[in-house]
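Peer 1: One structure, as structure tokens, below. Some questions next.
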Amino acid sequence: MTSALHRLYILGQHVTVRHWAACIVCLVITGCGSDTSAPEVPVFDDPQLQQGRGTWVQICRNCHLMGVAGAPRIGDAENWRARAVKGRAALHQNAINGIGEHDNWTMPPRGGEARLTDEQVRSAVDFMLAASLGTDTPQ
Ligand code: HEC
């Protein structure tokens, strides 16, 4: 027991040291302390997209930053382009109503946050599209 705990402790130290080393290398290379393992989340001047970004960071980011459970990642242009052929209205509807079935959602209605208004969900979708497809965002 003691030795297992000891090994765990050593492992913990080892990981910490490696993390610090990686951080320092990252700081030297990039000159900043941001987490480079996550994609950049852009900022837009458009107030609607700014509002969408706020909702996205609070709710949608949980799945759409890293692609949890098959969620299309923000910035993954290929994945979003394939979905965008449905048109923006269909993507809005799927985000509001969810994809899947009760108790078996892949994309939960409103990202699982029932208090979000339709407009907030639409803005979050628009933000994710603008961040992923830029000017290729469908009308
Ligand atoms: C619990 C995880 C989760 C959260 C939170 C979540 N999503 Fe999703 N989302 C998914 C998954 C998984 C898919 C892929 C579903 C599929 O294609 O079957 C998806 C797909 C989508 C799509 C593409 C729909 C389509 O027709 O292809 C949109 C748009 C979307 N989400 C918007 C949002 C927005 C906006 C929010 C925040 C309000 C959000 N999602 C929060 C998991 C999530």
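The values are calculated or read from the model by the stated rules, or taken from the named source; none is laboratory data. Here the structure is a predicted model, which means the values were calculated and not measured. Backbone-built Cβ (ideal geometry, glycine too); neighbour counts: all protein chains shown.
Peer 1: Which of the residues belonging to region 53-78 are more than 8 Å from the ligand (Cβ to nearest atom) and touching a helix residue (DSSP H, G or I) at 6+ places or on another chain (Cβ under 8 Å)?
Peer 2: Within region 53-78, ARG53, ARG73, ILE74, GLY75, ASP76, ALA77 qualify.
Peer 1: Same structure again: Please go through (1) within 16 Å of the ligand (Cβ to nearest atom); (2) modelled with pLDDT under 95; (3) not small (Gly, Ala, Ser) for CYS32 and return the number of the only condition it doesn't satisfy.
Peer 2: For CYS32, the failing item is (1).
Peer 1: Being touching a strand residue (DSSP E or B) at 6+ places or on another chain (Cβ under 9 Å) and assigned to a strand (DSSP E or B) is the filter here, so list the residues in region 98-121 that pass it.
Peer 2: Once the filter is applied, which keeps residues that are touching a strand residue (DSSP E or B) at 6+ places or on another chain (Cβ under 9 Å) and assigned to a strand (DSSP E or B), region 98-121 yields ILE99, GLY100, TRP105, THR106, MET107.
Peer 1: Give region 79-122 a look and list any residue that's aliphatic (A, V, I, L, M) and within 9 Å of the ligand (Cβ to nearest atom), or say none.
Peer 2: Passing the criteria: ALA82, ALA84, ALA90, LEU91, ALA95, ILE96, ILE99, MET107, LEU116, VAL121.
Peer 1: If a residue must be among the hydrophobic types (A, V, I, L, M, F, W, C) and within 12 Å of MET128 (Cα to Cα), how many such residues does region 72-105 contain? Before the answer, list the steps.
Peer 2: Of the residues in region 72-105, the ones among the hydrophobic types (A, V, I, L, M, F, W, C) are 74, 77, 80, 82, 84-85, 89-91, 95-96, 99, 105.
Right, trim to within 12 Å of MET128 (Cα to Cα) and you get 74, 77, 80, 84, 91, 95.
Total satisfying the criteria: 6.
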